[in-house]
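To start, the structure under review is shown below, and the notes come after it.
The values are calculated or read from the model by the stated rules, or taken from the named source; none is laboratory data. Just so it is clear, the model here is predicted, and its values are computed rather than measured. Positions of Cβ are backbone-derived with ideal geometry, glycine not excepted, and every protein chain shown enters the neighbour counts. Accessible surface areas use protein heavy atoms only, side chains included; no ligands, DNA or RNA. Shrake-Rupley method; radii C 1.70, N 1.55, O 1.52, S 1.80 Å.
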Amino acid sequence: MKLYTYYRSSAAFRVRIALNLKGLEAVPVPVHLARGEQTGAAYRARNPQALVPALELDDGRVLTQSMAILEYLDETVPEPALLPADPVDRARVRAMADLIACDIHPLNNLRVLTYLKGPLDQTPAAVGAWYGHWVRAGFAALETLVAAQGARFCWGDRPGLADLCLVPQMWNARRFEVPLDDFPTLVRIDAALRALPAFAASAPEVQPDAPAV
């Protein structure tokens, strides 16, 4: 398999974690978003949305959208499972994951921030305020949902779908200097997850396309 990725992409980060958790190998193919490589004809032929990640399977078929890729991986490699067995519990974990993937992340995606700074002519301070507002609003709700579980991770004692979404969003929040003091449960879980080998090996700073420090 090949994973079309960018070291700072939250969505690609999620898929890297899942691949590592499930012991799957995918050759990383960097697509430099900041340089616009995703808009080239060759990449658009794989993903018309011009977004990462894209996962090219062994037979050449290409999957897009990180959440769809995560579900594919969970269906084809069931262990370790990313979702609990009970249907109600599965729905609740999906809700936590979607809170990040659908309600926080899209509003803070690179193309959104670029549009705010470019065509809408917003100042860096205004763009930062936009980013922080939506992260804090989403994290406030997630903190309540996760704290109510009283578990080691977002749901239960092993990493799941919500955790794969949480860690990349926390990494991005720190990158944009969003205060996290109001979210002690999320901070605790994030620290525990980042200590796990599958998460540590997926971190942006250790990816082959990350700039040298």
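Each residue in the range 60-105 was checked for being part of a helix (DSSP H, G or I) and open to solvent by 70 Å² or more (accessible area, probe 1.4 Å), and 10 pass.
Anything in the range 1-18 that is closer than 17 Å to residue 168 by Cα and either touching a residue at least 60 places away in the same chain (Cβ under 8 Å) or part of a loop (DSSP other than H, G, I, E, B) (or both)? List them, or say none. Within the range 1-18, 5, 6, 7, 8, 9, 10, 11, 13, 14, 16, 17, 18 qualify. Looking across the range 146-183, the residues that are within 26 Å of residue 78 (Cα to Cα) and open to solvent by 80 Å² or more (accessible area, probe 1.4 Å) come down to 152, 157, 158.
In the range 160-196, of all residues being touching a helix residue (DSSP H, G or I) at 6+ places or on another chain (Cβ under 6 Å) and outside any helix (DSSP H, G or I), the one that is modelled with the lowest pLDDT corresponds to 176. The set of residues from the range 129-162 being touching a residue at least 60 places away in the same chain (Cβ under 8 Å) and either of a type in the set (S, T, N, Q) or in contact with a Cys (Cβ under 8 Å, 6 or more places away or on another chain) (or both) comprises 160, 162. Here is the figure for the range 121-143: residues that are over 20 Å from residue 33 (Cα atoms) and either among the hydrophobic types (A, V, I, L, M, F, W, C) or in contact with a helix residue (DSSP H, G or I) (Cβ under 8 Å, 6 or more places away or on another chain) (or both) total 14.
Here is a yes/no grid of residues against (1) touching a Pro at 6+ places or on another chain (Cβ under 9 Å); (2) in contact (Cβ under 8 Å) with a residue 60 or more places away in the chain:
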{"site": "66", "(1), (2)": "yes, no"}
{"site": "69", "(1), (2)": "yes, no"}
{"site": "82", "(1), (2)": "yes, yes"}
{"site": "86", "(1), (2)": "no, no"}
{"site": "100", "(1), (2)": "yes, yes"}
{"site": "114", "(1), (2)": "no, no"}
{"site": "119", "(1), (2)": "no, no"}
{"site": "124", "(1), (2)": "no, no"}
{"site": "127", "(1), (2)": "no, no"}
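Scanning the range 184-194 for residues that are over 18 Å from the mean Cα position of the chain (by Cα) and open to solvent by less than 50 Å² (accessible area, probe 1.4 Å) yields one hit, 185. Being at pLDDT below 95, assigned to a helix (DSSP H, G or I) and within 24 Å of residue 185 (Cα to Cα) is a property that residue 133 lacks.
Pairing residues of the range 30-59 that are on the phi > 0 side of the Ramachandran plot and part of a strand (DSSP E or B) with residues that are open to solvent by 60 Å² or more (accessible area, probe 1.4 Å) and at pLDDT 95 or above, at Cβ distances under 6 Å and at least 6 apart in sequence or on separate chains, gives no pairs at all.
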